[in-house]
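> Starting off with a structure, shown below.
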Amino acid sequence: MGRILALDFGTKRTGIAVTDELQIIASGLTTIDTKDLLNFLQEYINKEVVELFVIGEPKQMDNTASQSEKYIKEFISKLQKNMPNIKIERVDERFTSKMAFQTMIDSGLKKKQRQNKALIDEISATLILQNYLYSK
């Protein structure tokens with residue numbers, strides 16, 4: 001059984017989370033500059049077995065696609081060309097950034113640490129992955 005890797009895609013940086021090999025626990029992996037994302041993923045799958053990418057799907061409150069969706073679709077197209085054997089699923093990511101910020105507060109992080117946008121992206125990816133696991 002391979003890992004599931006989740007992405008909180010952003011135009012500048014992308015949060016990444018991954019499951020254990022049994023696909024039970026979602027953990028934050030890292031945040032990476034989006035321009036380096038494909039190379040990072042290629043290196044990662046050369047070391048680890050990944051069976052699925054879960055990519056956040058940003059939506060407006062009225063359920064329409066957000067403005068960043070076109071960039072995500074472009075990335076997904078590149079991802080499918082480079083890694084055609086790995087399935088891709090989408091998960092609604094509404095409120096994950098707010099939930100990530102609240103998680104930081106609840107865990108006792110100081111204000112300075114909560115301003116770390118990369119950490120928010122990584123926690124958001126973890127929440128996306130947890131939501132996917134719960135829905136399975």
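The values are calculated or read from the model by the stated rules, or taken from the named source; none is laboratory data. Model, not experiment: these values are computed from the prediction. Glycine also receives a Cβ, built like all others from the backbone with ideal geometry; neighbour counts cover every protein chain displayed.
> Tell me which residues, restricted to region 74-111, are modelled with pLDDT of 70 or more, over 25 Å from MET1 (Cα atoms) and assigned to a loop (DSSP other than H, G, I, E, B).
Result: GLU93, GLY108, LYS110.
> Mind checking which residues of region 28-68 are hydrophobic (A, V, I, L, M, F, W, C) and modelled with pLDDT under 95?
Residues satisfying the conditions are MET61, ALA65.
> Shifting gears a bit: Could you grab me the full set of residues in region 49-68 that are of a type outside the set (Phe, Trp, Tyr), closer than 18 Å to TYR132 by Cβ and surrounded by 12 or more Cβ atoms within 10 Å (Cβ to Cβ)?
VAL50, GLU51, LEU52, VAL54, ILE55, GLY56, GLU57, PRO58, LYS59
> Has region 113-134 got any residue that is loosely packed, with under 11 Cβ neighbours inside 10 Å, closer than 28 Å to GLY2 by Cα and modelled with pLDDT under 95?
Yes: one or more hits.
> I need a count of the residues in region 23-53 that are β-branched (Val, Ile, Thr) and part of a helix (DSSP H, G or I).
Number of matching residues: 2.
> Hey, among the residues in region 1-34 that are closer than 17 Å to GLU74 by Cβ and under 10 Å from the mean Cα position of the chain (by Cα), which one's surrounded by the fewest Cβ atoms within 10 Å (Cβ to Cβ)?
In this case the residue turns out to be GLY10.
> Does region 44-70 hold any residues that are over 14 Å from ILE86 (Cα atoms) and of a type in the set (D, E, K, R), and which are they?
Correct list: LYS47, GLU57, LYS59, ASP62, GLU69, LYS70.
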